[in-house]
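Structure, as structure tokens:
The values are calculated or read from the model by the stated rules, or taken from the named source; none is laboratory data. All values reported here derive from a predicted model rather than from experimental measurement. Backbone-built Cβ (ideal geometry, glycine too); neighbour counts: all protein chains shown. In case anyone asks, the SASA skips ligands and DNA or RNA and just uses the protein heavy atoms, side chains included. Shrake-Rupley method; radii C 1.70, N 1.55, O 1.52, S 1.80 Å.
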Amino acid sequence: MRFTKMRGMGNDYVYVNCFEEYVENPAELAVEMSKYHYGVGSDGLIMICPSEVADFEMKMYNADGSESEMCGNGIRCLAKYCHDRGLTDKETFTVETDGGIKTLHLNLRDGVTESVRVDMGQPELDGEKIPSLMKGSPITDCCLTANGNDYRFTLVNMGNPHAITYVDDPDLSPVTVDGPVLESHSIFPQKANIEFVQVIDRTHLKMRVWERGTGETLACGTGASAVLVASVLNGLTERTAEIALPGGKLQLEWNPMDNHVYMTGPATFVYDGQWLRS
């Protein structure tokens, strides 16, 4: 089976073109290929598939084999693959995800995709639809404890569930210790992505993320989108901001006219390969 490894700001995935390849058990394949010492090494598996309602469909599996509704960095790489590998000549097209249909616009240089602007859609702010056991909309004061540390969370769904907390310095925060505890907290029936965020000023943020089903990653597009929404709801930033993650920087805008969040960032090919295991 042929595959391509790609990365969006250090958030790396294995891509399989399902117009040409067949994946019998994607959950098992995601686990095997994601292993760094025994497989390819990645944050998960993304399959590029035909769609009846959009130009393409993205099916995504985390490194632990669980399905994910949406990934901002992952979908930018998918967009680059589809254009630069000749699956489409459109500069704007749609992708079906379990988090809804997303519209992507490519920024090209000499015919090659340099960055991608993704319409991430409208944020879901109703506590029960995050989903969580909290009632109300928005939820900006969800207090949870992990390993004796108290946190105040704002809950946002950007196609998948996110819980955002503000800290003095993400670099010094116990992301890898408290992250897995908070991810699996009983208040989140489908678990949640956990963001630790520092406000630099009203147009700059810094964050680390513990991703549901994967662990800490270098970047998370849906997480950055959720962080901007949470920061606006809490009166901490403007509706346009730059968010710095360990893997790089994303440009985010929460447009008041259509209530959609727009994310712009890079996408990169790493290499092509052939998976020989059955």
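Values computed for the structure shown
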{"read-out": "Among the residues listed as I164, I194, the single one being surrounded by 22 or more Cβ atoms within 10 Å (Cβ to Cβ), out of contact with any Pro (no Cβ under 9 Å at 6 or more places or on another chain) and part of a strand (DSSP E or B)", "value": "I164"}
{"read-out": "Wholly within the range 212-278, strands (runs of 3 or more DSSP E) carrying at least 1 residues that are crowded, with 18+ Cβ neighbours inside 10 Å", "value": "215-217, 240-245, 248-254, 261-266"}
{"read-out": "Odd one out for I101, checked against (1) in a loop (DSSP other than H, G, I, E, B); (2) closer than 19 Å to S68 by Cα", "value": "(1)"}
{"read-out": "Failed criterion for V229 (all others in (1) farther than 21 Å from L125 by Cβ; (2) under 15 Å from the mean Cα position of the chain (by Cα); (3) among the β-branched types (V, I, T) hold)", "value": "(1)"}
{"read-out": "Number of the exception - R85 against (1) more than 16 Å from F269 (Cβ to Cβ); (2) open to solvent by 30 Å² or more (accessible area, probe 1.4 Å)", "value": "(1)"}
{"read-out": "Qualifying positions in the range 46-76 - in a loop (DSSP other than H, G, I, E, B), open to solvent by 30 Å² or more (accessible area, probe 1.4 Å) and either in contact with a helix residue (DSSP H, G or I) (Cβ under 8 Å, 6 or more places away or on another chain) or under 20 Å from Q122 (Cβ atoms) (or both)", "value": "V53, D55, D64, S66, E69"}
{"read-out": "Single unsatisfied condition, N11 versus (1) closer than 18 Å to W210 by Cα; (2) modelled with pLDDT of 95 or more; (3) open to solvent by less than 10 Å² (accessible area, probe 1.4 Å); (4) not small (G, A, S)", "value": "(2)"}
{"read-out": "Flag if L182 is assigned to a helix (DSSP H, G or I) and either open to solvent by 70 Å² or more (accessible area, probe 1.4 Å) or touching a residue at least 12 places away in the same chain (Cβ under 8 Å) (or both)", "value": "yes"}
{"read-out": "Residue, nearest to D272 (Cα to Cα), within the range 20-45, restricted to residues that are surrounded by fewer than 22 Cβ atoms within 10 Å (Cβ to Cβ), hydrophobic (A, V, I, L, M, F, W, C) and touching a residue at least 40 places away in the same chain (Cβ under 8 Å)", "value": "V40"}
{"read-out": "Residue check for D89: in contact with a His (Cβ under 8 Å, 6 or more places away or on another chain), in a loop (DSSP other than H, G, I, E, B) and more than 23 Å from K249 (Cβ to Cβ)", "value": "yes"}
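Quick grid of which residues meet (1) touching a residue at least 24 places away in the same chain (Cβ under 8 Å); (2) farther than 30 Å from N25 by Cβ; (3) within 13 Å of the chain's Cα centre (by Cα):
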position: N193; (1), (2), (3): yes, no, yes
position: Q198; (1), (2), (3): yes, yes, no
position: L233; (1), (2), (3): yes, yes, no
position: F269; (1), (2), (3): yes, no, no
